[in-house]
Amino acid sequence: MLRKTCRVCAKALSPFMSFGKMPLANAFTKPEHLKDEYFFELAPGFCTSCFTFQLMEQPDPSHMFHDHYAFFSGTSQHMARHFEAMANDLRTFLTDQQDPLVVELGSNDGIMLQHFARLGVRHVGVEPSENVVQVARDKGIQTVCAFFNPQTAEDIRKQHGPAQVISAANVMCHIPNMQGVAKAVDHLLAKEGVFVFEDPYLGSMIEKTSYDQLYDAHVYIFSVHAVHHIFASVGLTLFHVEPQPTHGGSMRYYLCRTGQHPRRETVDHYLHREKEQGLTSLATFRQFRQACEQNRADFRAMLQAFQSQGKRVVGYAAAAKSTTVLNYCDIGPDLIEYIADTTPIKQGTVTPGMHIPVRSFEGFYDNPPDVAVLFAWNHAKEIFAKEKHFLERGGQWLLFRPHVHKLTA
Ligand code: DWN
Ligand code: ZN
């Protein structure tokens, strides 16, 4: 059922498009277990009162984060470096603090917290997926296996005291109940503490027509306007924002209790910029819908042209994002032979909904295709650097962000 009201302020949500029925983005499944595939309607809506861009239907979180969650943050070296830099940034808020506590929400395999663990800084990771928790614990990172909510916050505070830093990367946009999280953060955060989180940025999604950021788990795509409104209600103030290159364009938000940190000029700069970009106006999202439709037509046309030329086309990286692209554009094994991916638990499965086989990279190197479609386009720099041979041997990349185009040597 599509909801009619905003999750944040309860005012009416304005619908502007539907991507149709979608499976869960990370539901990579062995072909023999396919019979009960779950589908929901992927339809974003926009709240013209609090400027929050959100999905109008979302599956229950237990369908998405469980004991066989398929995404491990540590699979990209570039992301490993990004999280080391993030840890260094967060450390600047700990100088002058006696025995501080750092809490990370959605700590995954400990890719960020490991830098605090190494320095002997007290830390707690909160992560609901049991299999990734085990990887983190094996690395010596103290991790609670739970969803973050007021009860988890209370338990952590009781055991460890208030947190000087609470952080989250690519996590907040997954949590439908923002008021619950805001209250939980408020409960756990020390008086002088900072809450820092980053997520894919609405401005980048609009600019690049990257509708593949929309899938079951991403219930919100935040803007500075939205974050400002969401947290003001619990007395947390946005005092700084900083764009990040990750996930095709993200934003890092810095919040504190009102008056604890001076507001930097970045906040007003981005509030102004977002107005100019139209991120507070429904008309922008109607244009986004047209851009998505054009992108779908161009992508299909290019794949069909390759097919009629008898070219072998495979996918590179079975990212969660690829599920939206494949299902929305109706692309199956007739157009893409298989998708190569480094994640062992994705190999030997088929993609959600469209059922393209996912394989290891062995075949990609032993018998290279004519064309590789780059689904993890957000990792393009890292991937192009390690796959130079593919172009040198006459291969072509097919990219679909910010528009559909080919890349040859
Ligand atoms: O929010 C989320 C973000 C942070 O990560 C999640 N809900 C799920 C996930 O989204 P994603 O799967 O779209 O993330 P990535 O990082 O764009 O996709 C990585 C995928 O690509 C993995 O399956 C691993 C694969 N990969 C590969 O095969 N070779 C990645 C790289 C860098 C490579 O070289
Ligand atoms: Zn609202």
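Bear in mind that the values in this text are calculations on the coordinates, not laboratory data. Every value quoted in this text rests on a predicted model; they were computed, and no experiment measured them. Note: ideal-geometry Cβ built from the backbone for every residue, glycine included; neighbour counts use all protein chains shown.
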Within region 1-51, trypsin sites (Lys or Arg not before Pro) in DSSP loop having at most 16 other beta-carbon neighbours inside 10 Å
ARG3, LYS4, LYS11
Could you tell me whether region 310-409 comes out rounded, prolate or oblate from its Cα gyration tensor? Rule is a ≥ b ≥ c as square roots of the eigenvalues, rounded for a/c under 1.5, then prolate if a/b exceeds b/c, otherwise oblate.
rounded
In whole angstrom, the spacing between the Cα centers of region 81-101 and region 350-409 equals 36
State whether the chain is rounded, prolate or oblate according to the following rule on the C-alpha gyration tensor (a ≥ b ≥ c being the square roots of its eigenvalues): a/c under 1.5 gives rounded; otherwise a/b larger than b/c gives prolate, and the remaining case gives oblate.
prolate
Please list the non-local residues whose amide H lies under 5 Å from the amide H of ARG359, H modeled 1.01 Å from N, same-chain partners needing a gap of 5 or more.
ILE339, ALA340, ASP341, GLY348
May I ask you to evaluate 6.51 cos²θ - 1.76 cosθ + 1.60, the Karplus curve with θ = phi - 60°, for each residue of region 333-345 and list the ³J(HN,Hα) values in order in whole Hz, giving x for glycine and proline?
x, 5, 9, 10, 4, 7, 10, 8, 8, 7, 7, x, 6
Checking the a/c ratio against 1.5 first, then a/b against b/c, what shape does the Cα gyration tensor give for region 17-167?
prolate
Once you've got the Cα coordinates, tell me which of LYS30/LYS406; LYS21/LYS406; LYS35/LYS346; LYS4/LYS183 are over 20 Å apart.
LYS30/LYS406; LYS21/LYS406; LYS4/LYS183
Scalar couplings 3J(HN,Hα) for region 376-387 by Karplus 6.51 cos²θ - 1.76 cosθ + 1.60 (θ = phi - 60°), nearest whole Hz, x for Gly and Pro, are 8, 5, 5, 9, 3, 4, 5, 6, 4, 5, 8, 10
Through the Karplus equation 6.51 cos²θ - 1.76 cosθ + 1.60, θ set to phi - 60°, convert the phi angles of region 154-162 into ³J(HN,Hα) values in whole Hz; use x for Gly and Pro.
4, 4, 5, 4, 4, 7, 10, x, x
Helix-only mean residue ellipticity at 222 nm for the chain, each DSSP H run of n ≥ 4 adding -39500 (n - 2.57), per residue, nearest 500
-10000 deg cm²/dmol
MET56 long-range amide H proximity, modeled H, under 5 Å
ALA43, GLY45
Can you pull out the cysteines in the chain that have no other Cys Cβ under 4.7 Å?
CYS145, CYS173, CYS256, CYS292, CYS329
